[in-house]
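What follows is one structure encoded as structure tokens, with my remarks underneath.
We did not get these values from a lab; they are worked out from the coordinates using the rules stated. Keep in mind it's a predicted model, so treat the numbers as computed, not measured. Here the Cβ positions follow ideal geometry from the backbone for every residue, glycine too, while neighbour counts run over all protein chains shown.
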């Protein structure tokens, strides 16, 4: 006799519980995962990347969040390599249940993480400059590729420094080799001769043998592509100690790392999509906000940290355009939205990559950089033709 009443009570409880559950889900934060090299080669630059993510999330939450929900940051150390990345990605995707991954990483870490991204079906915004042609329907890139970054350095050395012979030095992994392979082809196409090409493992720190070969070949210019952070520091210090003073272009050093290198970095030529000296209201606002938030603990903003800040805003724009955090809807929107940030207007609308304004600059004795020339809206070239 009591069964009908039980059914009615159960139905009533379900009707009450469903909106409460929906409300709880609606109030849950949108989780942004940041796998980054807090240890290993990228440990020099990773703190600035995390600071940029923290600032973007704080600003967005203060303005009401995204679709009425707050953003929450989940950071995991990928140890700057493949093994660490597998653990970091797995933890963020399957344990922390993040809605998106946004981060600067070594190419080795990125390559190890991509299969996990695909398995977890989580959007991934890669914010690191890299060797190009890494293609996944789950990944968008808002940092430079060789077609955007290399030509300003090579052209300047050949035209202004009259460099006819070039020596190449890199870290022995996909970024180091990929960047220098493009550089070699580009320089040879312009009529330069490559007189040496040497590599050390990512964790290598003794460049003595490489420097001896540079001395022996007497190149007109040196171009390097080492893993961001520690290898840049050790190579440059040893070059300076050895008295190597030819025109030196570093394809991997960022403004923050240059400052940490002190006087050793003076004279290095860099090609970047961001320098702190960009004269725009957006960049001034960004720098002021960073200074206010972090004070004396602020790490120098750079070409690896600023894309992180802009990518958080790009994700916000994509979620708002999609009116959802659903991965398929967000991925479609990521290729359609644009963000006005410290680097200007950024849209990842060329084969999941972004046209960028590039700056050729030289590191000064105080660690700052002096802009020599700029190149507006440089296209990405053929990166991922099968992706829109």
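With a ≥ b ≥ c the root eigenvalues of the C-alpha gyration tensor of the chain, is it rounded (a/c under 1.5), prolate (a/b larger than b/c) or oblate? Prolate, since a/c reaches 1.5 and a/b exceeds b/c.
Quick check on the chain: of the DSSP beta bridges with both residues there, what percent are antiparallel, nearest 5%?
On the way: 16 of 47 bridges.
For the chain, the DSSP antiparallel bridge percentage is about 35.
Axis angle, to the nearest 10 degrees, between helix 107-120 and the longest C-alpha principal axis of the chain: 20 degrees. Label sites at residue 27 and residue 377, each approximated as a point 7 angstrom past Cα along Cα to Cβ, lie 4.6 nm apart. Considering all C-alpha pairs of segment 238-343, those separated by over 18 Å amount to 60%.
Exposure proxy check: 207, 138, 144 ranked by fewest other beta carbons within 10 Å? Write down the numbers at each step before the final one.
On the way: 207 22, 138 17, 144 27.
Ascending Cβ contact count within 10 Å gives the list 138, 207, 144.
Spatial offset of segment 324-388 relative to segment 241-260 amounts to 24 Å, using the alpha carbon center of each.
Once both labels are positioned 7 Å from their Cα atoms along Cα-to-Cβ, the gap between residue 370 and residue 159 label points is 1.9 nm. Once you sort the root eigenvalues of the Cα gyration tensor of segment 147-272 as a ≥ b ≥ c, which label holds: rounded (a/c under 1.5), prolate (a/b larger than b/c) or oblate (the other case)? Rounded shape, in that the Cα axes give a/c under 1.5. Just to confirm the number: angle between the C-alpha axis of helix 146-159 and the first principal axis of the chain, 0 to 90 degrees, nearest 10? Rounded to the nearest ten degrees, it is 20. By the beta-carbon count within 10 Å of each Cβ, the least crowded to most crowded order of 102, 57, 246, fewest first, is 246, 57, 102.
Put in order of Cβ neighbour count within 10 Å, fewest first, the listed residues 357, 236 become 357, 236.
Write down, largest first, the equivalent ellipsoid semi-axes of segment 74-124 in whole Å, where each equals the square root of 5 times an eigenvalue of the alpha-carbon gyration tensor.
On the way: eigenvalues 46, 24, 18 Å².
For segment 74-124, the ellipsoid semi-axes come out as 15, 11, 9 Å.
Of 83, 319, 122, the residue with the greatest mean-square motion in the GNM of the chain, using alpha carbon springs below 10 Å, is 83. For segment 203-247, the calculated P(r), taken from all Cα-Cα distances in 5 Å bins from zero up to the bin holding the longest distance, is 5, 21, 36, 26, 11, 2 percent. What is the distance in Å between the Cα centres of segment 276-305 and segment 46-100? When both Cα centres are located, 20 Å separates them. Relative to the longest principal axis of the C-alpha atoms of the chain, give the angle of the C-alpha long axis of helix 208-217, reported between 0 and 90° and rounded to the nearest 10°. For 208-217 against the chain, the angle is about 50 degrees. In this rough spin-label picture, where each label sits 7 Å from Cα along the Cβ direction, the residue 61-residue 328 distance is 3.2 nm.
Can you give the helix-only mean residue ellipticity at 222 nm for the chain, where every DSSP H stretch with n ≥ 4 adds -39500 (n - 2.57) and the sum goes over all residues, rounded to the nearest 500 deg cm²/dmol? Working shown, then result.
On the way: 12 runs with 163 residues, N = 388.
Taken over the chain, the calculation gives -13500 deg cm²/dmol.
Note on segment 221-273: semi-axes of the ellipsoid equivalent to its C-alpha gyration tensor, largest first and rounded to whole Å, are 15, 12, 10.
Any chance you could tell me what percent of the C-alpha pair distances in segment 61-102 go past 13 Å? For segment 61-102, the share of Cα pairs beyond 13 Å comes to 58 percent.
Using a Gaussian network model of the chain in which every pair of alpha carbons under 10 angstrom is joined by a spring, one finds that among 234, 160, 276 the greatest mean-square fluctuation is at 160.
For segment 335-388, the calculated P(r) over all alpha carbon pairs, in 5 Å bins from 0 to the bin holding the longest distance, is 5, 18, 20, 19, 15, 11, 7, 4, 1 percent. The alpha-carbon atoms of segment 102-144, seen along their principal axes, cover 26, 18, 17 angstrom, with the largest extent given first.
Restricting things to Cα coordinates, could you compute the convex hull volume per residue of segment 204-294 in Å³? Please report the intermediate quantities before stating the final value.
Details: hull volume 9.8 nm³, N = 91.
Value for segment 204-294: 108 Å³ per residue.
Note on the chain: with a GNM built from Cα contacts shorter than 10 Å, the maximum mean-square fluctuation among 248, 173, 359 falls on 173.
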